[in-house]
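J.: Here it is, the structure in full.
The values are calculated or read from the model by the stated rules, or taken from the named source; none is laboratory data. Since the structure is predicted, the reported quantities are computational estimates derived from the model, not experimental observations. Cβ placement follows ideal geometry from the backbone for every residue including glycine, while neighbour counts extend to all protein chains displayed.
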Amino acid sequence: MSPTLDQHHPQIEFDPNDGLALLEGKGQPVTAKYGIPLAVLIELTHKCPLQCPYCSNPVEMERARNELTTQEWKRVLDELADIGVLQVHFSGGEPTARKDIVELVQHATDCDLYTNLITSAVLLNREKLAQLADAGLSHIQISFQGSDATKADRVAGFRNAHAKKHEVARWARELDLPLTVNAVMHRQNLDQLEDIIAMAVDMDADRIEVANVQYYGWALKNRAALMPTIAQIDRATQVVEDARERLKGILDIDFVIPDYYAERPKKCMGGWGRQFFNITPSGKVLPCHAAETITELDFLSVRSNHSIAWIWQNSDAFNRYRGTGWMPEPCQSCAFKEIDFGGCRCQAFALTGSADNTDPACALSPYHSATFKTAETEAETGATRFIYRNFAGGTLEAEPQDGK
Ligand code: SF4
Ligand code: FES
């Protein structure tokens, strides 16, 4: 018998602060209900010296020749500030691979935007970081691939990356930049979680994001090498709970379990087209960073003759999965439909071939048990070799030598 949600989540209630949910179904046109998000992710480039096998960029990455120019990005920043955005996350690829990164941060500061740099850090030197701080950078988020250099450099596919990241983290704190450690976790590094949290404390980070890999794009290609076991997830959950208790007031810890092992899906992006959009290197405005994996959708660009606000409010791609009207059963008659909005559209597409379906992470999805079984089976395979991210569509890691 399939489990019921009440059996598993009797304690979950509607969030009274989620005012957007309350507006739905009240007879307004759907486009009138969604204010512009306060924070926007802009992906300046897909270029990156690292080759992480779980990269959230699409497998078909954008070539540098298609990237928005400095002037176009400045116009985007102006427009974002004009429509009420308060915060911009500069991301990529590796955003510091753009020669104009300091100029763009300065421009965002001049527009009164709060700025966050999401970086692998390996292209930064102290002078460049100081220039960014002088340009008004408000916050830096550095990714780490593990707690020891050998493993971390192997995951990143980049020699000496780990040591360089430590160095940049130290400079960041010397320059008084608030620091978040971003740790993407999977089967091959989850057992280092305790050490990674300790590392974040040693670096004087304010926050650590313990992000379990999400399986679309590059990570889907690498799923057998990345999928954790249930035992690892159980232990990681305990490690996080203990650390949260121990490190209250010292380190904030964000942690989301991989939803292949969950019974209800995550409220991905806060619900499609409700709280988030990002802009790709060539200027496409997307409802989530992985949305281009849904090949049946077309996304408008800031190079079109539409404003960003128009694209957000009126474009087909944003409206396709907004609210609850699009939902199939079992979501349509489910008490949780305004809590998780049917889960993740990208995951539904990746695992069922259609983004119209309920996310298979949900125990009520007809695909759920097969998804769970796949996760369990792949986690036990012992596959370790990665397909590294690159513009050629990926390169299989060399066979390990000398028992390494
Ligand atoms: Fe209900 Fe759909 Fe959410 Fe599952 S994904 S809990 S069926 S709304
Ligand atoms: Fe795209 Fe979840 S990652 S909707």
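J.: Within the stretch 286-312, which residues are touching a residue at least 24 places away in the same chain (Cβ under 8 Å), buried (at least 20 other Cβ atoms within 10 Å of the Cβ) and farther than 16 Å from F349 by Cα?
T.: V302, I308, I311, W312
J.: Another question, then. Kindly indicate whether A236 is part of a helix (DSSP H, G or I), under 27 Å from R389 (Cα atoms), touching a Lys or Arg at 6+ places or on another chain (Cβ under 7 Å) and touching a residue at least 12 places away in the same chain (Cβ under 8 Å).
T.: So A236 fails the test.
Yes/no per residue for (1) in contact with a helix residue (DSSP H, G or I) (Cβ under 8 Å, 6 or more places away or on another chain); (2) modelled with pLDDT of 95 or more; (3) not charged (D, E, K, R):
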{"site": "D298", "(1), (2), (3)": "yes, yes, no"}
{"site": "I311", "(1), (2), (3)": "yes, yes, yes"}
{"site": "C331", "(1), (2), (3)": "yes, yes, yes"}
{"site": "C346", "(1), (2), (3)": "yes, no, yes"}
{"site": "L351", "(1), (2), (3)": "yes, no, yes"}
{"site": "D356", "(1), (2), (3)": "yes, yes, no"}
{"site": "A361", "(1), (2), (3)": "yes, no, yes"}
{"site": "L364", "(1), (2), (3)": "yes, yes, yes"}
{"site": "E376", "(1), (2), (3)": "yes, no, no"}
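J.: Scan (1) more than 16 Å from ligand 1 (Cβ to nearest atom); (2) within 16 Å of the chain's Cα centre (by Cα) for the single condition D259 breaks and write down its number.
T.: (1)
J.: Among residues belonging to the stretch 31-72 that are among the hydroxyl-bearing types (S, T, Y) and closer than 12 Å to W218 by Cβ, point out the one that is surrounded by the most Cβ atoms within 10 Å (Cβ to Cβ).
T.: Ranking the candidates gives Y54 first.
J.: How many of the residues making up the stretch 142-161 are hydroxyl-bearing (S, T, Y) and crowded, with 19+ Cβ neighbours inside 10 Å?
T.: Total meeting the criteria: 2.
J.: Moving on to the next point. Please specify each residue of the stretch 250-300 satisfying the condition of being in contact with a Phe, Trp or Tyr (Cβ under 7 Å, 6 or more places away or on another chain), on the phi < 0 side of the Ramachandran plot and in a loop (DSSP other than H, G, I, E, B).
T.: Across the stretch 250-300, the qualifying residues are R264, K267, W272, R274, F277, P287, C288, A290, I294.
J.: Among the residues of the stretch 219-233, write down those that are in a helix (DSSP H, G or I) and touching a Leu at 6+ places or on another chain (Cβ under 7 Å).
T.: A219, Q232, listed by residue number.
J.: Pull up the stretch 291-331, narrow it to residues that are small (G, A, S) and within 16 Å of ligand 1 (Cβ to nearest atom), then point me to the one that is farthest from M269 (Cα to Cα).
T.: G325
J.: Sticking with this one: Mind checking which residues of the stretch 46-92 are closer than 20 Å to S138 by Cα and in a loop (DSSP other than H, G, I, E, B)?
T.: Residues satisfying the conditions are G84, V85, L86, G92.
J.: Only residues that are surrounded by fewer than 21 Cβ atoms within 10 Å (Cβ to Cβ), touching a residue at least 40 places away in the same chain (Cβ under 8 Å) and among the aliphatic types (A, V, I, L, M): list them for the stretch 213-232, please.
T.: Across the stretch 213-232, the qualifying residues are L220, A224, I230.
J.: Could I ask something else about it? Return the residues of the stretch 278-296 that are modelled with pLDDT of 95 or more and over 18 Å from H46 (Cβ atoms); say none if nothing qualifies.
T.: P287
J.: Then there is this: I'd like the full set of residues that are assigned to a helix (DSSP H, G or I), of a type in the set (A, V, I, L, M, F, W, C), in contact (Cβ under 8 Å) with a residue 40 or more places away in the chain and surrounded by fewer than 22 Cβ atoms within 10 Å (Cβ to Cβ), limited to the stretch 94-141.
T.: Hits for the stretch 94-141 are A97, A130, A133.
A quick yes/no check of all residues on (1) under 20 Å from A172 (Cβ atoms); (2) at pLDDT below 95; (3) hydrophobic (A, V, I, L, M, F, W, C):
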| site | (1), (2), (3) |
| --- | --- |
| L23 | no, yes, yes |
| T31 | no, yes, no |
| P49 | yes, yes, no |
| K74 | no, no, no |
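J.: Do the conditions hold for C334, that is, is it surrounded by 13 or more Cβ atoms within 10 Å (Cβ to Cβ), part of a loop (DSSP other than H, G, I, E, B) and either within 16 Å of ligand 1 (Cβ to nearest atom) or on the phi > 0 side of the Ramachandran plot (or both)?
T.: Considered against the rule, which asks whether it is surrounded by 13 or more Cβ atoms within 10 Å (Cβ to Cβ), part of a loop (DSSP other than H, G, I, E, B) and either within 16 Å of ligand 1 (Cβ to nearest atom) or on the phi > 0 side of the Ramachandran plot (or both), C334 comes out as yes.
J.: Next question. Take V210 and decide whether it is in contact (Cβ under 8 Å) with a residue 40 or more places away in the chain and under 30 Å from G353 (Cα atoms).
T.: The answer is yes for V210.
J.: Output the number of the condition that S365 fails; it satisfies all remaining conditions of (1) crowded, with 21+ Cβ neighbours inside 10 Å; (2) more than 26 Å from N57 (Cα to Cα); (3) in contact with a Leu (Cβ under 6 Å, 6 or more places away or on another chain).
T.: Of the numbered conditions (1) crowded, with 21+ Cβ neighbours inside 10 Å; (2) more than 26 Å from N57 (Cα to Cα); (3) in contact with a Leu (Cβ under 6 Å, 6 or more places away or on another chain), the odd one out for S365 is (3).
J.: Checking the structure you have, find out if any residue of the stretch 351-361 is in a helix (DSSP H, G or I) and either within 20 Å of the chain's Cα centre (by Cα) or more than 13 Å from ligand 1 (Cβ to nearest atom) (or both).
T.: Yes, the stretch 351-361 contains a residue that is in a helix (DSSP H, G or I) and either within 20 Å of the chain's Cα centre (by Cα) or more than 13 Å from ligand 1 (Cβ to nearest atom) (or both).
J.: Additional query: Of everything in the stretch 237-280 that's within 15 Å of ligand 2 (Cβ to nearest atom) and of a type in the set (K, R), which residue is nearest to T377 (Cα to Cα)?
T.: R264
J.: Out of (1) away from ligand 1 (no atom under 16 Å from the Cβ); (2) closer than 18 Å to D359 by Cβ, the odd one out for P281 is which?
T.: The failed condition is (2).
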